[in-house]
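Readers should treat all values here as calculations from the given coordinates under stated rules, not as data from a laboratory. Note that the structure is predicted; figures quoted are calculated from it, not measured. Note that we place each Cβ from the backbone using ideal geometry, even for glycine, and neighbour counts take in every protein chain shown.
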Amino acid sequence: MERNKNKKVIYFRKLSLPLALLACFLFLFQFLFAQTLPADNQIGAKQKSRHKQNTSLYQTQLKIWCDALLKIQLQKGQDEGGIFCESHGFVHGRCGDAVYPLLTLFKLTHEEKYRTAARKVYRWSEEHVSQPDGSWLNEAGGKNNWKGITCFSVLAIGEALRHHSDLLTKKENEEWRERLRKGADFILIYQTFETGDINYPVSAAAALALCYKILGDERYLVRAKALADFGLQHFTENALIWGEGVRGPNDTTPKGLRPIDVPYNMEESLANFALYGTLMGDEKVLATVAASYISHLNWVLPDGSMDAGWCSRQYKWTYYGSATSDGPAGGLALMQKRDLRFGEAALRNLKLRVALTHDGLLHGGPRLFERGVPVCSHHTFTSIKGLATAIDEGIQNTADVSLPNDKAFGLREWPEASVTQIGVGPWRASVTTNDIASSPKRGGHPMGGSLAMLWHNETGPIAVASMSDYKLYEGSNMQKPVSDSALFSLTPRIEVISNGIRYSNVYDGEAKSRSFSGDSVQLIVQGHLRDSNGNVLPGANASFQLTYTFTANSFQMAIYTVAAGARLLFPIVAASSERVTYKADSTLAVQKNASRIKIFGSDKRGWESITNTRVFNFVPGFEAVPVQIMLDKNGKGLIRIEVIK
Ligand SMILES: [Zn+2]
């Protein structure tokens, strides 16, 4: 288990004066010394030019995204000023959050159209989702009356006023400040500690701190501090934030786990905690947030994506983050002076989002554009918020620093989530044996020793976890599948259909795993095949064993179960445009750009016929070849994967 070696919490207020002076000297020494460090941490002339280039990438991308949003901002009719969503067929209630980034872009470009767009989307929001009680609704027209999102609307208007009040008329300033006051007063009444997942109380703390700074009402300050103190109670022993799902002091699972969601943590909870700490000058919060970001960097893959197939709100995972949150750039920018890796992680994630932008709009996953899925505007109009913060905070990416997953690390155990990370040679992977419950509002994530991610340095993702069953837990924040092939779970798994019911390891919350590491890493998982309600496969043959073996040259998954009709399903990530061939040596080959994935199996029946078949899932937005392996008469089967340069 990794113990967050880099965690440094310094309580300045506890220091005596001499110690404080010594601390200041050491800080200055560290700062000066950092300028002369070689290699990873150096800020040299070359990096300065890179900084210029990368700073402009944030600004360039903000303009690309905003220009595309302007094209879908309605210019007449009942919804004039709203930003239309082609995928959902209506204007999302939260599009009003774009007021802040649109003003940031106006300040950068002096192009009046962006200020006009900001004013119009503000007006749409006032007319369609703003409520007399001071709240905002999640969606207009009764589609979703959740008022918890008021804290995000307050943050958007508050940040617009904090950074750009000079761009608004006196009358507008007065109106927006009054609207902000109503929003803050609503939060005082509405937002309890227990309202919403943990990102809500933490974001409400930031929203009220911001309102205190702008409006000066002490009530906001008092409540902001109380909410922040509550948030501080939600860090695990390894500095991950918990509370995206079941929470409360005793609300752990039977295994003692907490619901954790890396994308929500990085893009909303930590980002808004960082804003709170910055506004309040709260060193305890800032040190805690920095330590937590360092811990969360363990889940950022080298390509800037997030390994989040195991997370409690996986149903909104889109490879680069969460479908409806702000992106990690803003929060990481607020904390960038504490660790150069924060800027690096923000930049890599932005580059991934740039790669998944088509016709100016960020798509909800890597293969949505190629499949012709209508794009949801939500991803773009929330991502620009994070970019605006990053730009207004002067984000700098001044060094080519390593992130935790750039180098092999063997095993990392996260007992608070019952998930194991593997980093052997070029392989990065995660395996989960969590028992986080699903409910009518939350769930769908895999359990039972599922392989949540299999990633290789040469190819990127080879296998990913999807929702075990695709359900629209948040109808207006998720996209509807249009065919059965888009309902296929991509999670590698054992599966048995018995009396029309699907049984699998992915539904087993009681599975246990053990691991061994040396030159190679092995994980052995034992459990029972269950249905989606947790019922064990009837009969005496429900037990299973999975054995994952990672070496520098190969990955192998071996399974054992004597359940009748059991098969190993192992969808291999492959776009329709990537060539898949069945070779004479009975292997399957997936051609990537500069490398080839070679797949061996203990059973190859049907492999010849699937080379042109692709299945798809919105979580996390990949296409895959549906490789299947039937077990032998002893109940055994295996798949082995190599990557050939
Ligand atoms: Zn949409």
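Distances between every pair of Cα atoms in region 321-371, grouped in 5 Å steps from 0 to the bin holding the largest one, split as 4, 21, 25, 21, 14, 9, 4, 2, 0 percent. Between helix 378-392 and the chain there is an angle of about 50 degrees, using the helix long axis and the longest principal axis of the Cα atoms.
With the Cα gyration tensor of region 52-392 giving a ≥ b ≥ c as the square roots of its eigenvalues, does the rule (a/c under 1.5 for rounded; else a/b larger than b/c for prolate; else oblate) give rounded, prolate or oblate? Rounded, since a/c falls under 1.5. Ranked by the mean number of other Cβ atoms within 10 Å of their residues, highest first, the peptides 638-644, 479-485 come out as 638-644, 479-485. For the chain, the extents of the C-alpha atoms along the principal axes are 79, 66, 50 Å, listed from largest to smallest. The lysines within cross-link reach of K604, meaning a Cα-to-Cα straight distance under 30 Å and a gap of 8 or more places when in the same chain, are K512, K583, K592, K633, K636, K645.
Within region 72-214, how many lysine pairs that are 8 or more places apart, or on different chains, have C-alpha atoms less than 25 Å apart? For region 72-214, the number of qualifying lysine pairs is 23. For region 135-237, the Stokes-Einstein estimate of translational diffusion at 20 °C and a viscosity of 1.002 mPa s comes to 153 µm²/s, using the Kirkwood hydrodynamic radius over alpha-carbon pairs. Can you bin region 410-644 into rounded, prolate or oblate? Criterion: square roots of the alpha carbon gyration tensor eigenvalues sorted a ≥ b ≥ c, rounded for a/c under 1.5, prolate for a/b above b/c, oblate for the rest. Rounded shape, in that the Cα axes give a/c under 1.5. Taking amide H atoms as placed 1.01 Å from N in the peptide plane, the amide H of V627 lies under 5 Å from those of F570, I572, each 5 or more residues away in sequence or on another chain.
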